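Novice: This is the structure, below, for whatever I ask next.
All of the numbers you see were taken from the coordinates with simple rules; none came from a lab. These numbers come from a predicted model, not from an experiment. All Cβ positions, even for glycine, are placed from backbone atoms using ideal geometry, and neighbour counts span all protein chains on display.
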Amino acid sequence: MGERTSTRTLQPGAQDNFELDANSCLNQRYVRIELWDTARESNGETASSADPMLMLRPNIKYDPERVLDASIVAPRATYVRNDNANSWRWSDFTQRDETAFLLLRPYHQITLDLYGCDNKLFFSECGAENKFTVQQCRSIVSNFIVSVYNVDEFLDHQLQYQLRASCYESNEVPCSSPGDAGQTCSGHGQCDSVDAACTNTGALAETEECRSASCPEPVCDCDATWRTWDAPSESSRSLLGKRSTSRTLR
C-alpha cells in the first residue's frame, strides 16, 4: 500500500480485478483507492481517451454473515437502455467514483471510513431503515475486490492506468490528490476537514444528510483562482455520442 503501481494496459470492454486486504488499515481509520488514467494525465485529451470506471466491493470469501450476493465475485456494472432514460446499475454493496466517471476525469478515488459513522453508511444497502444491521455491515469491511472497468459504451480506446491504495490516521482526513504522490489538493490548496452538523437522533442520524460531528468531511481550501476537482463547469460526457448497442459486464 501507499505506492502507485506500474502502468497496466486494459482493452475496451475489459475489466481488471484485484484483491485488497484492508486489515492493515484497521488500526488507523481510512483506506483510499486511487486510479490514474496515465494517458489522459499526460496529454489531457478527451475525445481519444479511454473511459475508466473504478469500483470496489467486499470480497465474498470474507462474508461470515452472508450479506453479499454470493453469485457475484467482482463488482459489476451494467448500462441499461430504455425508452424513458438510460442508466447504470451496479452489483450490491458496490462503491464507485460516479462523479469522476460521468465527467471523464483522469483521476478517480474511493475513500472508506473504516471506524467512523460511515461504517454503516458507505454502502447504500446499510442506510436507515434497511434490513442489514450495523454488525452485518461491519462484518464485510476488511477485504475487498477493487475493479477497473474500461467502459466501451461511449468510447472505444485502450486504457493505460495506475492504482494506489493508502491508509490514513483519523486526524488525516484524505483530500483528493490527482497530481503526483504527496500533492494534496493538486498542490494548489490545503486539506481541511468540516464536521457536518447533526442535532437529530435515531434514524435521522443514520442518513447521508445528517452525520455526527465525529465524521469529518475532507475539503480542499483552494488557492486563489483554483476550485475543487469535483466542481466542473459542465459535463464532458454530455458532448459524447452514444453507441447503439448495450453491454452487460459478466
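Novice: Could you tell me whether the stretch 1-106 comes out rounded, prolate or oblate from its Cα gyration tensor? Rule is a ≥ b ≥ c as square roots of the eigenvalues, rounded for a/c under 1.5, then prolate if a/b exceeds b/c, otherwise oblate. Display every interim value, and only then the final one.
Specialist: Working: a/c = 2.12, a/b = 1.17, b/c = 1.80.
Cα axes put the stretch 1-106 in the oblate bin.
Novice: Explain nothing, just compute: Karplus ³J(HN,Hα) = 6.51 cos²θ - 1.76 cosθ + 1.60, θ = phi - 60°, for every residue of the stretch 50-57 in order, whole Hz, x for Gly and Pro.
Specialist: Here the 3J(HN,Hα) series is 7, 10, x, 10, 9, 9, 8, 8 Hz.
Novice: Would you mind ranking PHE93, PHE18, PHE154 by Cβ crowding within 10 Å, fewest neighbours first? Mind showing how you got there, number by number?
Specialist: Values: PHE93 24, PHE18 16, PHE154 13.
Fewest to most other Cβ atoms nearby, the residues stand as PHE154, PHE18, PHE93.
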